[in-house]
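Just so you know, all these numbers are worked out from the coordinates, no wet-lab data involved. Predicted, not measured: the structure shown is a model, and the values here were computed from it. Every residue, glycine among them, receives a Cβ derived from its backbone with ideal geometry; neighbour counts consider all protein chains shown.
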Amino acid sequence: MNGRILVTGGSGGIGAGVVARHRDRCVVWSRRANGVDVTDPDGVRAAAGAFLRQHGAPFAIVHGVGDFEERSLLSTDDAAWRRLLDSNLTSAFLVATTLVPAMCEARRGRVIFFSAAGAEDRTAKPRAPAYFAAKAALTSLARSLAKEVAPYGVTVNVIAPGVVVHPDSHAASQERMTPKVPLGRAGTVDDLLGAIDLLLGDAGAYVTGDVWTIDGGLSL
Ligand SMILES: NC(=O)c1ccc[n+]([C@@H]2O[C@H](COP(=O)([O-])OP(=O)(O)OC[C@H]3O[C@@H](n4cnc5c(N)ncnc54)[C@H](OP(=O)(O)O)[C@@H]3O)[C@@H](O)[C@H]2O)c1
């Protein structure tokens, strides 16, 4: 496992858990950590250029950014729509297109995106339709990328969490959802780290284009 792990959103939540686990190998992009806004095309291009000059091709990208907002579809204004699509979908496009070509040249690499449990199933998502639409599109993007880069030894997978409580998570929404979790509790960042470690490690080398739902059964 030569090379750095770029963790976008690594200053909080799930990304911070990944950074705590792999501290020596991680580079964090977030607005707080180093002023990188992954929804800003010029900012991402500049940050990617600096990353490649300093570290070479990343070994892995763990793309933790993905804002959540509860808002019905008809109360979603243009600004909220753009904000949610930019944060959850366009950011992944920008990070992938600026860094994955170098991973392909290095002929190895792992990309992990985050969807949300059930984003692709046949049920309506009245709580957060723009968010879930972006997450379903992100999964499609991940599968397409997985197939495109597989010949270069780069894997692309998606983790789809349910309710993951951490200091910055959406407490009110999570309190409503937690009683619905069949395993009887909300998830923690630690509940996701085993799967992330597996995808980053040797055991994950042959897994690509997959979606791993880790939600205590919430989407069943
Ligand atoms: N937590 C859950 O229950 C849950 C459930 C389902 C899916 N997910 C998904 O899992 C992923 C990680 O979730 P999380 O709860 O850890 O996320 P989070 O706490 O909302 O965000 C993690 C970090 O992302 C950074 N960030 C936000 N917008 C950014 C931007 N435009 N540019 C750069 N950094 C930005 C923030 O740091 P700065 O403010 O410093 O930029 C924040 O600390 C997300 O995609 C989320 O949608 C989470």
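Here are the numbers for the structure shown:
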item	result
Using a Förster distance of 35 Å, the FRET efficiency for Asp121-Ala20 (Cβ separation, nearest 0.05)	0.65
Cα principal axis extents for the chain, largest first, Å	45, 38, 31
Angle in degrees between helix 91-106 and the longest Cα principal axis of the chain, rounded to the nearest 10	30
Whichever lysines have a C-alpha closer than 24 Å to that of Lys180, once near sequence neighbours (fewer than 8 apart) are set aside	Lys125, Lys135
Helix axis angle, 129-149 relative to the chain longest principal axis, alpha carbon, degrees	30
Euclidean distance of C-alpha centroids, segment 1-32 and segment 105-182, integer Å	18
Fewest-first sequence of Ser219, Ser173 by Cβ atoms within 10 Å of each Cβ	Ser173, Ser219
